[in-house]
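Novice: Here's a structure for you.
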Amino acid sequence: MPLDHRSAADVAALLATATPPVVIDVREQWEYDIAHLEGSVLIPLSTLPTRVDALDPTRTYALLCHHGMRSEMAGNWMAQHGFAQLINIDGGIDAWSVEVDPSLARY
């Protein structure tokens, strides 16, 4: 199944539902320290192959990075490894700070 691309606003609406996706932030720790979504799970892209076994392939995951490129790479990799319900947050945390939560720092 191809990676589902959604806007930050669309994912924010999904997070407010009874069955929200798990947000995986694939940025580096220093980026996460600047701004992150409350409740998101930090798994830097470089560590994903060693940490993917701890994830449930039946869950829905929304993948987040700075602008959407690393999260797309992570999603494509996860799709090749048995994960079917994957959402790439287009525009990343930068778009989130513009569309959803202006209180988040931009960098």
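Novice: Output the qualifying pairs, or none if there are none: Cβ atoms under 6 angstrom, residues six or more apart or on different chains, first residue in segment 36-58 and more than 18 Å from V11 (Cβ to Cβ), second residue among the β-branched types (V, I, T).
Specialist: Sorted first by the residue in segment 36-58, then by its partner, the pairs are L45/V26; R51/I43.
Novice: In segment 60-85, which residues are over 13 Å from the mean Cα position of the chain (by Cα) and of a type outside the set (S, T, N, Q)?
Specialist: W77, A79, H81, G82, F83, A84
Novice: So in segment 1-37, with the set limited to residues that are small (G, A, S) and buried (at least 16 other Cβ atoms within 10 Å of the Cβ), which one is nearest to E99 (Cα to Cα)?
Specialist: My answer is A8.
Novice: Here are S46, S40: which of them is of a type outside the set (D, E) and crowded, with 16+ Cβ neighbours inside 10 Å?
Specialist: S40
Novice: Of everything in segment 76-94 that's in contact with a Phe, Trp or Tyr (Cβ under 8 Å, 6 or more places away or on another chain) and surrounded by 19 or more Cβ atoms within 10 Å (Cβ to Cβ), which residue is nearest to Y32 (Cα to Cα)?
Specialist: I89
Read-outs throughout are calculated quantities, based only on the coordinates presented, and are distinct from any laboratory measurement. Bear in mind the structure is a predicted one, so any value in this text is a computation, not a measurement. Here the Cβ is made from the backbone with ideal geometry for all residues, glycine too, and neighbour counts use every protein chain on show.
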